[in-house]
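Notes to accompany the following structure.
The values are calculated or read from the model by the stated rules, or taken from the named source; none is laboratory data. Just so you know, these numbers come straight off a predicted model, no measurement behind them. Note that each Cβ is placed from the backbone with ideal geometry, even for glycine, and that neighbours are counted across all protein chains shown.
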Amino acid sequence: MMDAKLRLDIYRKMVLSRRLEERIAELIKSGQAGGFMHPGVGQEALQVAAIAALRPDDYMMYAHRGVAYWVARGIPLERILCDLAGKEGGTNKGRGGVMHVVDPSRGVLGESGTLGGCFPIATGAGLSIKLNKQNKVVLCFFGDGTSNRGTFHESANLCAVRRLPVIFLCENNGWAVSVPTTTSTANPDIADRAQGYKMPGKTVDGNDVAQVYEAVAEAVARARRGEGPSLIDAKTYRLWGHWIGDPDDYRSREEVEKEWRRDPLVAYEHKLMAEKILNEAEVEKINADAKTQIDRAVAIMQTAQSLTPESALEDVFAN
């Protein structure tokens, strides 16, 4: 169960994530940062709530949409922005952009360069935990489109056979770029696939913080007991386009406007206020604090050293 302190912490991180993505969009559109970004606006609730169920020493493989994973894991904002802008000071020294943010000290193993590559890496991390007799887990985020990759089935099978502590969490936002899940996937309920591997499969409302947290916490506890992997299908929606600048002309305005009325950040804020955990003054302060943190991070990013051609091969080859 989530106490008031945890629920408020989740809200703060959701706000910080949303405001950071809004600022990143401004930076990219104004030419102040030339990086590429897949925004996660609308999916912060499931990302932050899921990570809240982990311990600091657990591992995670994130999907390619949004910054909430890193904010929830405590990676300094300036390091994220330097990765975006291709500058020294980023987690990958500005060489991999925001699709390759990595911080092993916080359990952030990064993201594969190919969709679906996250599954065997997460499986390998789970195998290392078991071989080393550790009490950790691996949380592997992925999208509904990525669920159709062969690596998902191979990894799910091996995790089930070896009873590895891996939680597969599908961010099912209904779209694989411009292709709707109903077109790309015979059964859009990804959790049903768990039956084929004799692991628990659960579908939750990905916009509901409590549902996501409880489902992931249950899967984490099961994994720590040595009972193997779980599959969670979190139904959500991306409120922005596939990338910053996407004309987003493959979805109807009516569909998008309907989903904006279900904005999980606004819904969670109203819920906390109704339960007297939050008030208007605190909302204003949390937003002001987020702006202060982001302003500071942007200033650091803007003055950071740009990469030089001479540094292109650094960290590519062993010394």
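General remarks:
- Filter result (touching a Gly at 6+ places or on another chain (Cβ under 9 Å) and acidic (Asp, Glu)) within the range 206-248: ASP233, ASP248
- Subset tally (residues that are closer than 15 Å to ASN207 by Cβ and either outside any loop (DSSP other than H, G, I, E, B) or of a type in the set (S, T, N, Q) (or both)) for the range 257-268: 8
- Condition met for GLY42 (small (Gly, Ala, Ser), at positive phi, part of a loop (DSSP other than H, G, I, E, B) and at pLDDT 95 or above): yes
- Count - residues of the range 243-254 that are under 21 Å from ARG18 (Cα atoms) and either within 16 Å of the chain's Cα centre (by Cα) or not in a loop (DSSP other than H, G, I, E, B) (or both): 1
- Some residue of the range 246-254 being of a type in the set (Ser, Thr, Tyr), more than 20 Å from ALA68 (Cα to Cα) and either surrounded by 21 or more Cβ atoms within 10 Å (Cβ to Cβ) or free of Cβ contacts under 8 Å to residues at least 24 places away in the same chain (or both): yes
- Out of SER17, SER30, one residue alone is out of contact with any Ser or Thr (no Cβ under 8 Å at 6 or more places or on another chain) and surrounded by fewer than 17 Cβ atoms within 10 Å (Cβ to Cβ). It is SER30.
- Some residue of the range 27-37 being touching a residue at least 40 places away in the same chain (Cβ under 8 Å), part of a helix (DSSP H, G or I) and of a type in the set (S, T, N, Q): no
- Among the residues of the range 193-248, those identified as acidic (Asp, Glu) and more than 22 Å from ARG55 (Cα to Cα) are ASP205, ASP246, ASP248.
- Among residues of the range 264-284 that are without any contact (Cβ under 8 Å) to a residue 24 or more places away in the chain, those with a Cβ under 7 angstrom from a residue that is of a type outside the set (Val, Ile, Thr) and assigned to a helix (DSSP H, G or I), sequence gap 6+ or separate chain, pair up as ASN279/MET273; VAL283/GLU269.
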